[in-house]
Amino acid sequence: MKKVCGMSLAMALSVAFATLASAQQDAKKTPNPATKSSAGGPKTAATEGARPLILSGSVPMEGVKGRFDHFASGQGQVFISALGNNTVEVISIFGGTVEHTITGVPGPQGVAFSPEANKLFVASEKGKVYTYDAKFVYPEAPTGTDPSIADATKNALLTYAPYKKPSFCLPPSNLNQLRIIHGSCRKASGDGRDALALVSQLIEQKADRPLERPHQLLLTGDQIYADDVAAVLLMMLTDAAVSLMAWDESMPTLPSALKTSALPPYARRSHLEKAKFTSVDLDNHLMSLGEYLCMYLFAWSDAMWTTDDKMPDPAKVAFEALRYADPGERATDGLAKTLKSVTSDFQHVRTFRSTLPAVRRVLANIPSYMIFDDHEVADDWNMTLEICLDLHGTELGRRMVQNALVAYALCQHWGNCPEQFESAGLPGTELLKFLDGKNVDQYIGNSKIRSIVSVHTDQEIITNQGSVYHGLARSAGLSYWESFGYTLLGSYIWETAGETTPAVSQM
């Protein structure tokens, strides 16, 4: 879009549009008989009333040369990227004058104004490094408490020199220069060192070079592993969950309910098999809401971790595991095999923990996007129709899926789509309302939570598959009619490739 100095801007356009709108309204009020246009077609009131835009005024911009690229507006001002001038011009809409010129912006292009932050963001062809701070305000915080990032994190190292605050870069205008970091499958007890920590070195080496440091971090699934948890880590998670939530969740196991503290490592498999979980790694599976939430906290930060010398003793963990092994395994070399496995996981977990300060630092300095996958609930979750119906046909299955999806909503979805948690009546806002200040009985007993995160019984899924598909699409942020398309597609798939035999839970 090319402009020249002295051309009319928002003020002229607003007047012209007002003139056009007025003319159209007048035409609607006094319709004319149909006549012939110059092209031979019938003239209508709309064509008679439609008039071209008229230049009604101009804003002199002396010294500005070249073309203008993008515009933004806010608080009675228009912000113009003067691409050829390497400036951003700030014009008063009501005064019709240039109020300010922002210099030193090489090749300014995309421009956006945030009224919430009261800040102007400008994309530059040579890039720019942005720094930021945040305030953490708690109602119960003592007077005089420092709400800054430094205080909230106990002065954790979250910055890269030469900057005193966390920093980030927006994607460059030339996509050939875009630097994306990709990761997935974040397993705390995985073999080897955490590769994500290496991104910290990439940022540190190029921190003040906006076109050379990483611009975006895409985490495409399995941000936690709920089903393949190291035994020593599960013990820490269960303990941390009780402290975090101030409750020890009672799980609807059969024949009687058990609290998670009564379900240590290797004691969970039989209960989860009854609940129709299909993962091969059921010995040390997350179960409670607190455990799912703590796994997110433990996977991305070392703030809640205990010191290495206070981690559970592998020998004691292995010995306790024998209580839940079958008699044949106990009689042979069951202890030796379990001890070897637990010790190996212990070493992996300890190595993982050592890299977390670097990972935490990375997350503070690069825009990150997370995608949900099956391991956030359990391996193979909803992979087939039969698995879906079997799992949702048990109370324990539904509870664990609810816990996993609530944890996902708080730890992933809220960050990706904050607008869904801001206004009254939205699913995210309603979920926060149902969780805030509640005890375990209020959480378990609130059926509305299940509907928000789309947890249904198997019979509800069969009977109301259309509304279930629609609800899932709507909760993902799609419009009503976009969701309607997903409903039709989902119903078609169900009818053509769906249930052909009853699920196990229906037999």
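Here are the numbers for this structure:
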item	result
All positions within region 342-361 that are in contact (Cβ under 8 Å) with a residue 60 or more places away in the chain and either on the phi > 0 side of the Ramachandran plot or among the hydroxyl-bearing types (Ser, Thr, Tyr) (or both)	Thr351, Thr355
Given (1) open to solvent by 70 Å² or more (accessible area, probe 1.4 Å); (2) over 30 Å from Val349 (Cβ atoms); (3) at pLDDT 85 or above; (4) part of a loop (DSSP other than H, G, I, E, B), number of the condition Tyr138 does not satisfy	(3)
Given (1) modelled with pLDDT under 95; (2) surrounded by fewer than 20 Cβ atoms within 10 Å (Cβ to Cβ), index of the condition Arg398 fails	(1)
Selected residue (criterion: modelled with the highest pLDDT) from residues of region 153-174 that are open to solvent by less than 50 Å² (accessible area, probe 1.4 Å) and either farther than 18 Å from Asp208 by Cα or part of a helix (DSSP H, G or I) (or both)	Ala156
Given (1) without any contact (Cβ under 8 Å) to a residue 24 or more places away in the chain; (2) open to solvent by less than 20 Å² (accessible area, probe 1.4 Å); (3) in a loop (DSSP other than H, G, I, E, B), index of the condition Val90 fails	(3)
Selection status of Ile387, modelled with pLDDT under 95 and more than 30 Å from Tyr163 (Cβ to Cβ)	yes
Tally, over region 340-378, of residues that are closer than 15 Å to Leu233 by Cα and in contact with a helix residue (DSSP H, G or I) (Cβ under 7 Å, 6 or more places away or on another chain)	6
In region 250-297, the residues that are under 28 Å from the mean Cα position of the chain (by Cα) and more than 21 Å from Trp381 (Cβ to Cβ)	Leu297
The one condition in (1) under 18 Å from the mean Cα position of the chain (by Cα); (2) modelled with pLDDT of 90 or more that Asn439 fails to fulfil	(1)
Residue ranges of helices (runs of 4 or more DSSP H) in region 177-285 with at least 3 members surrounded by fewer than 16 Cβ atoms within 10 Å (Cβ to Cβ)	198-205, 269-274
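The values are calculated or read from the model by the stated rules, or taken from the named source; none is laboratory data. Keep in mind it's a predicted model, so treat the numbers as computed, not measured. Neighbour counts are summed over all protein chains in view; Cβ atoms, including those assigned to glycine, are modelled from backbone coordinates with ideal geometry. Side chains included, ligands, DNA and RNA excluded: accessible areas come from the protein's heavy atoms. Shrake-Rupley method; radii C 1.70, N 1.55, O 1.52, S 1.80 Å.
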